[in-house]
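Here's the structure we're looking at; comments come further down.
Values in this text are rule-based calculations from the coordinates and carry no lab data. Note that the structure is predicted; figures quoted are calculated from it, not measured.
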Amino acid sequence: MADTLSSFWGPVTSTTECCEKNYAHSSYIAEFYNTISNIPCILLALLGLINALRQRFEKRFTVLHLSNMALAIGSVLYHATLQNVQQQSDETPMVWEMLLYLYILYSPDWHYRTTMPIFLFLYGDRFFCKEVSTWPINPQGHAMWHLFMGFNSYFANTFLMFCRAQQRGWKPKIVRLMGVLPYVKIDKLKRK
C-alpha cells in the first residue's frame, strides 16, 4: 500500500507490495509485520543448521538450511525497504530453495522420491488487499504466511534429514528441543 510518508530508504521502487500500511511504525521499516515475521524463520534455519553441522549430516542439508536463512534475511531486507534491489534478495533465494529441494528429492541416491510430493503455495492477501485494508484490524496475511512457511521449511528439512538418516542406517530419533521443537538425533556407526 503506497503511502506518501517519508522514509529512510527513499520512495518505494519495488514492483509488488503486500497488504500492510507502509512506514506505520518506523521510517526505517516499510512493512513492519512482514519484516519481523521473518525473525522466527531465521532462528529456525539457524537451529536446523546447527543440528546439521553438529551431527555431520551431508552438506546438502547445511546448504538447505543456509538457503532458508538467506531467504528469510532477503525477505527482511525487502519488506523493510520496499526497494527493487532488495526485492531481488527476497525472490532470488526462492528459486535457489526450489532448486535445492528438487536436487535433494530427485538425486540418484535419494530413495524416498515417490513419497515426497512437491507443494505449490498460493496466498491470497495480494488478491484481496484492497478489501482487507479497509477492515478495522488488518489480519496481516502475508506476515502469517512468513511464519507458517518458516515453520514449514524447518519441519520439511527435519523430515528430509530423518529420511536420509534412516536411509543411511544412522538410527534417527526425533528429539524435542525444550519439549516442543522436534529435531533429528542420529547415531552414526563408528568406522574402524
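The table for this structure:
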| read-out | value |
| --- | --- |
| Kirkwood hydrodynamic radius of the stretch 47-114, from inverse mean 1/r over distinct Cα pairs, in Å | 13.1 |
| P(r) of the stretch 143-192 over all Cα-Cα pairs, binned every 5 Å from zero, in whole percent | 5, 21, 21, 21, 15, 9, 5, 3, 1, 0, 0 |
| Karplus-derived HN-Hα couplings along the stretch 102-110 (A = 6.51, B = -1.76, C = 1.60, θ = phi - 60°), whole Hz, x at Gly and Pro | 4, 4, 5, 6, 10, 6, x, 8, 9 |
